[in-house]
Amino acid sequence: MTLEEKASLCSGASAWSTQAITRLGIPSIYMTDGTHGLRKSVGFDFKNSIPATCFPTASGIASSWNKELLEKIGKAIATEAQANDVQIVLGPGINMKRSPLGGRNFEYYSEDPVLSGKMAAAFIQGLQKNGVGASLKHFAANNQEFERMSVNAIIDERTLNEIYFPAFEIAVKEAQPWTVMCAYNKLNGTFASENEYLLTSVLKKQWGYQGFVVSDWGAVNDRVLGVQAGLNLEMPASGGYNTKKIIEAVTNKSLSESQLDALVTETLAITLKAKENHSENVVVDKALHHALAREASGESIVLLKNSKSILPLKVGTKKIAIIGTFAKKPRYQGAGSSQVNPTQLENPFDEINKIFNSSSITFAEGYNSLGETNASLTAEAVKVAKGAEVVLLFAGLPDVYESESYDRANLDMPSGHNQLIKAIAKVNQNTIVILMNGASVSMPWKNEVAGIVEMYLAGQAAGGGIADILSGKVNPSGKLSESFPIRLEDTPTANDFPSKEGVSNYGEGIYIGYRYYDKKKIETNFPFGFGLSYTHFSFSTINTNALHYKDNDPIVVTLKVKNTGNVFGKEVVQLYVHEQETAVTRPENELKHFEKVALAPGEEKTIQFELSYRDFAYYNSNTHHWQVNSGKFDIRIGNSSRNLPLQQTVYIESTTKDIPVFTRNSLFKEFKNVKNSQAIYEVLSESFIDKSTKAVTEDQKKAEAFLYSMLGDMPVSKFVLLSGGKFTEEQLQAILNDANTN
Ligand code: BGC
């Protein structure tokens, strides 16, 4: 392969395809968006793509906590990709929900890395089992839309490793996506597209990633730096501009050809695999995929409030008032590159009518398409509500409130929706609010309504999905994959989101989502992991295979979960870990495992989880390693982050030698507790404290204690400067060597 050919493979051939080299039989492959459905369009015309099944968007589908369902959806999207000659689907998106205001939160799974990582892995496995590659995106720290192409995310090493990396790490290790898409933004000063630490050290070397890295569309800054950092493919095509740059760089030896070879080899391996996996003449069963979209929507919907068991609607309920424009024109997906042109669209009004078959279902719009209401719209809705046994009030966020490319300004729904809900709740005590929105919203009317159902953006079968839930055909089993804060002021990034002067300082560190609300003991409207059912579940009999472990022993936890009600239902068993006495700041609880279980009335099942080192470890930025400290850990199990009725305490003994890394800036007192350190400590202290005279009087003892305390907090390098020559730089270096090798 010539240098020109190699360089040409580092950029795309068009908006969506890669470069072919006919002479060598290298094919071109085609990519399209697809976080919740295929969007194959001509150029960048978002609105005109081929019809494809629109599944619930990520925030909805993550609320299913159902890995098998994610795999099934992945498979279905792959089938549609095969039928349309697409080899790579640009999804899933797994950036963490650092703030509820993130404009693309509807397209991301969660505020928790384990939930996001596991959902993503299942989706990727589904796609790739059917021969289509995934593109895991956006790596990394693309957590806001404002100035997304230039913002510099400043994140400390521990926070990156504990919050912003693990979802990617889980998905990469468990599912090996064929491609990973780098983010637009900078991370700690360097664009993700030329960030060697991200793309090579962490992704390819530490995690053993075997696919190729593609740029987000237009994310390349300096293509040559990108090659050096490990960015395999630039998308879309840059019209030969960057191919030339690469050729020049290799020719003038500022880029090594072997580095280019390595990248091209990685790209080619996936390109050939993609072509090998392509199936001809695939036919999509649209009805079957629509049925899956309906199942997915039912499985994702979260029942948040159900006073007096108002839901499911009683058989024979006659006078149902349906209020809200969304009931007839549902908001079912978000805007931007993920927008799918659905194969069909169900609306809640028609689907509820089909199930209840009632001649006395009444309807009022309540608000216009922008979410505004007025005296006559409200009066009409109030009139309809007054005459009904129950009101189903559809509300949420209109399209313009959340989208790719801008963030939300606040947590509020349109004031028209809020006013309408309050007015209706006043005249009908059986008002159920049904929400269509991609992310959490504030709920100033929470205590005034009888029921709240969170639909999220439930895809093309949103109508059927909600009708199934309201009628009880499907028992709700969704659990929030994000916290619902009461006020914006309560959120971890309230003062710091999105960014100022091009910089986003992640000052809240590891405390995002429930980690923050729990630590600060802040009440939320609804906590992470929460969701009601039409039945009840009990948790019992937690056991571990021992009580005392070494940190690398596997820990097996079992428990029982029982359906104590009288209808079939599904429960999400959630396992969190809490460290009792921590050496470093740690969250109150961290989700480590979960399992969705289906149970018939009266049925009980035993659930088993296997825990390992990482489930107890924190990331130590001094040693750059995961570390478990010896001590007691509580394993807590339940059905939301704030309802964990089962607890088992285990003792874990650390097997890693506790070797702090000593530097010139290590504090004097730190040398005291290091193995074989007494000698080192003596040398340092003697250079300062006159040991020939012993402190005898109270005053002398006080003075000595003062001196020790002051010196204890001093970086050891200061001893060289302040000891008046008694303690030299050479001695210091020798001591550091000793301390670090002991
Ligand atoms: C988005 C990506 C998307 C790409 C291609 C970008 O603007 O950030 O998520 O895959 O466009 O449409």
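When GLY565 is tested against (1) under 28 Å from TYR514 (Cα atoms); (2) in a loop (DSSP other than H, G, I, E, B), only condition (1) is not met. A Cβ distance below 7 Å, combined with a sequence gap of six or more or placement on separate chains, defines the contacts here; from segment 132-145, residues that are within 13 Å of the ligand (Cβ to nearest atom) reach residues that are polar (S, T, N, Q) and open to solvent by 10 Å² or more (accessible area, probe 1.4 Å) in the pairs ALA134/GLN128; GLN144/SER499; GLU145/SER405.
The residues of segment 434-468 that are out of contact with any helix residue (DSSP H, G or I) (no Cβ under 6 Å at 6 or more places or on another chain) and of a type in the set (A, V, I, L, M, F, W, C), listed by number, are ILE434, LEU435, VAL441, MET443, ILE452, VAL453.
The residues on offer are THR535, THR493, and the sole one that is in contact with a strand residue (DSSP E or B) (Cβ under 6 Å, 6 or more places away or on another chain) and of a type outside the set (Gly, Ala, Ser) is THR535. If you filter segment 104-126 down to residues that are assigned to a loop (DSSP other than H, G, I, E, B) and more than 19 Å from GLU508 (Cβ to Cβ), you find that the one that is farthest from the chain's Cα centre (by Cα) is ARG104.
Taking the condition of being more than 16 Å from ILE635 (Cα to Cα) and in a strand (DSSP E or B), how many residues in segment 573-608 meet it? Write out each step before concluding.
Narrowing segment 573-608 to residues more than 16 Å from ILE635 (Cα to Cα): 583-585, 596-606.
Filter once more, so that each one left must be in a strand (DSSP E or B): 596-599, 604-606.
So the count comes out to 7.
Comparison of SER337, SER359 shows that the only residue that is surrounded by fewer than 24 Cβ atoms within 10 Å (Cβ to Cβ), part of a loop (DSSP other than H, G, I, E, B) and within 16 Å of the ligand (Cβ to nearest atom) is SER337.
With respect to the conditions (1) open to solvent by 20 Å² or more (accessible area, probe 1.4 Å); (2) in contact (Cβ under 8 Å) with a residue 24 or more places away in the chain, ALA229 lacks only one, and its number is (1).
For segment 234-263, a residue qualifies if it is under 18 Å from ASP216 (Cβ atoms) and aliphatic (A, V, I, L, M), and the qualifying residues are MET235, ALA237, LEU263. In the condition set (1) in a helix (DSSP H, G or I); (2) open to solvent by 80 Å² or more (accessible area, probe 1.4 Å), LEU292 is compliant with all but (2).
Residue pairs whose Cβ atoms lie under 7 Å apart, separated by 6 or more positions or on different chains, with the first residue in segment 103-124 and more than 17 Å from GLU162 (Cα to Cα) and the second among the β-branched types (Val, Ile, Thr) and open to solvent by 10 Å² or more (accessible area, probe 1.4 Å), are GLU107/THR35; ALA121/ILE170. Considering every residue within segment 364-374, establish whether at least one is open to solvent by 10 Å² or more (accessible area, probe 1.4 Å) and not in a loop (DSSP other than H, G, I, E, B). Scanning segment 364-374 turns up no residue that is open to solvent by 10 Å² or more (accessible area, probe 1.4 Å) and not in a loop (DSSP other than H, G, I, E, B). Residues that are buried (at least 18 other Cβ atoms within 10 Å of the Cβ) and under 17 Å from the mean Cα position of the chain (by Cα) within segment 486-516 comprise THR491, PRO492, THR493, TYR506, GLU508, ILE510, TYR511, ILE512, GLY513, TYR514, ARG515, TYR516, listed in sequence order. In segment 553-577, of all residues being in contact with a Ser or Thr (Cβ under 9 Å, 6 or more places away or on another chain) and under 24 Å from THR655 (Cα atoms), the one that is surrounded by the most Cβ atoms within 10 Å (Cβ to Cβ) corresponds to TYR576.
Return the only residue of ALA600, ALA617 being hydrophobic (A, V, I, L, M, F, W, C) and either within 25 Å of the chain's Cα centre (by Cα) or crowded, with 18+ Cβ neighbours inside 10 Å (or both). Full working, then the answer.
Values: ALA600 fails: either within 25 Å of the chain's Cα centre (by Cα) or crowded, with 18+ Cβ neighbours inside 10 Å (or both).
Only one candidate qualifies: ALA617.
Give me the helices (runs of 4 or more DSSP H) completely within segment 1-87, filtered to those with at least 3 residues that are without any contact (Cβ under 8 Å) to a residue 24 or more places away in the chain and within 30 Å of VAL597 (Cβ to Cβ), ordered by residue number. First the steps, then the outcome.
On the way: elements: 3-8, 58-62, 67-83.
Output list is empty.
Could you please let me know if LEU420 is at pLDDT 95 or above, closer than 21 Å to ALA467 by Cα and not polar (S, T, N, Q)? No. Of all residues being crowded, with 21+ Cβ neighbours inside 10 Å and in a loop (DSSP other than H, G, I, E, B) in segment 340-354, which is nearest to the ligand (Cβ to nearest atom)? Just the residue, please. Selected residue: VAL340.
For segment 467-512, enumerate the residues that are in a loop (DSSP other than H, G, I, E, B) and among the basic types (Lys, Arg). Lay out the reasoning, then the answer.
Initially, segment 467-512 is screened for residues in a loop (DSSP other than H, G, I, E, B), giving 472-483, 486-487, 491-499, 501-502, 506-512.
Passing the criteria: LYS473, LYS479, ARG487.
Screening segment 62-84 for residues that are away from the ligand (no atom under 16 Å from the Cβ) and in contact with a strand residue (DSSP E or B) (Cβ under 6 Å, 6 or more places away or on another chain) and picking the one that is farthest from GLY131 (Cα to Cα) gives SER63.
Quick check on segment 112-124. Is at least one of its residues more than 13 Å from GLU174 (Cα to Cα), away from the ligand (no atom under 14 Å from the Cβ) and open to solvent by 10 Å² or more (accessible area, probe 1.4 Å)? Can you show your working first?
Taking segment 112-124 as the starting set, the residues that turn out to be more than 13 Å from GLU174 (Cα to Cα) are 112-113, 115.
The next check asks that each one be away from the ligand (no atom under 14 Å from the Cβ); those that pass are 112-113, 115.
Next cut, open to solvent by 10 Å² or more (accessible area, probe 1.4 Å) only: none.
Among the residues of segment 112-124, not one is more than 13 Å from GLU174 (Cα to Cα), away from the ligand (no atom under 14 Å from the Cβ) and open to solvent by 10 Å² or more (accessible area, probe 1.4 Å), which makes the answer no.
Number of residues in segment 13-49 that are surrounded by fewer than 22 Cβ atoms within 10 Å (Cβ to Cβ) and within 16 Å of the ligand (Cβ to nearest atom) equals 14.
The values are calculated or read from the model by the stated rules, or taken from the named source; none is laboratory data. Because the structure is a prediction, the values reported are computed rather than measured. Methodologically, a virtual Cβ is constructed for each residue, glycine included, from the backbone with ideal geometry; neighbour enumeration extends over all protein chains shown. In case anyone asks, the SASA skips ligands and DNA or RNA and just uses the protein heavy atoms, side chains included. Shrake-Rupley method; radii C 1.70, N 1.55, O 1.52, S 1.80 Å.
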